[in-house]
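Step one of this worksheet: look at the structure below.
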């Protein structure tokens, strides 16, 4: 189905369809249902502990809005927060160190730079757009050796038109190691199609980054064609 959709990219809604395929992969990989909170992906958590994280254990300043917001914290702040939330009833059942290990073993992908340009082929006269993105990737090694220590993640990059949601381009990036590094990806697209469906304000596109193996880390960026 994904193969058919990518070869029918100019149909309206194909961009959304490819996005849902990526999110379906996430459900298969994590073995959770769509209604389950993504925080439950972290080994060591329970539904009760997720509930405590969401309400901040009766203190809004300690509330955890999402797994992505928790991952955005540095390890020291995340440790302090989870230790506060683990206190109280059933606190002994929450292995905070294990939760943190699993949290920071997930790749944190941040879009640091976006540039758009176009060129016209001399022979055909076709105008081709080029989207160049720079990504910062950060992933900690688990402190205790685990079976999934060398787990590979796949980042899907989907570029869609602004109004009708046509798929303009797609690519993927394999994340195979721990540490912090920078990656660059280039996506070519039909400049005329993107502009014709770019909406107001000079034309726009939508870039989505989705990890096939992790729920709750999806990001979306509006990219200007000007």
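Worth a mention:
- Total residues in the range 185-226, condition closer than 27 Å to residue 108 by Cα and free of Cβ contacts under 8 Å to residues at least 60 places away in the same chain: 5
- Of the residues screened, residue 180 is one that is farther than 21 Å from residue 2 by Cα and assigned to a strand (DSSP E or B).
- Test result for residue 23, in contact with a strand residue (DSSP E or B) (Cβ under 9 Å, 6 or more places away or on another chain) and in the same structural domain as residue 209 (by TED's automatic domain parsing): yes
- Test for residue 64: is it under 20 Å from residue 217 (Cα atoms), surrounded by 14 or more Cβ atoms within 10 Å (Cβ to Cβ) and touching a helix residue (DSSP H, G or I) at 6+ places or on another chain (Cβ under 6 Å): yes
- Helices (runs of 4 or more DSSP H) contained in the range 1-116 and holding at least 2 residues over 22 Å from residue 155 (Cβ atoms): 47-55, 75-86, 96-104
- Residues located in the range 117-126, provided they are in a loop (DSSP other than H, G, I, E, B) and modelled with pLDDT of 85 or more: 126
The values are calculated or read from the model by the stated rules, or taken from the named source; none is laboratory data. Source: prediction; values computed, not measured. Note: ideal-geometry Cβ built from the backbone for every residue, glycine included; neighbour counts use all protein chains shown.
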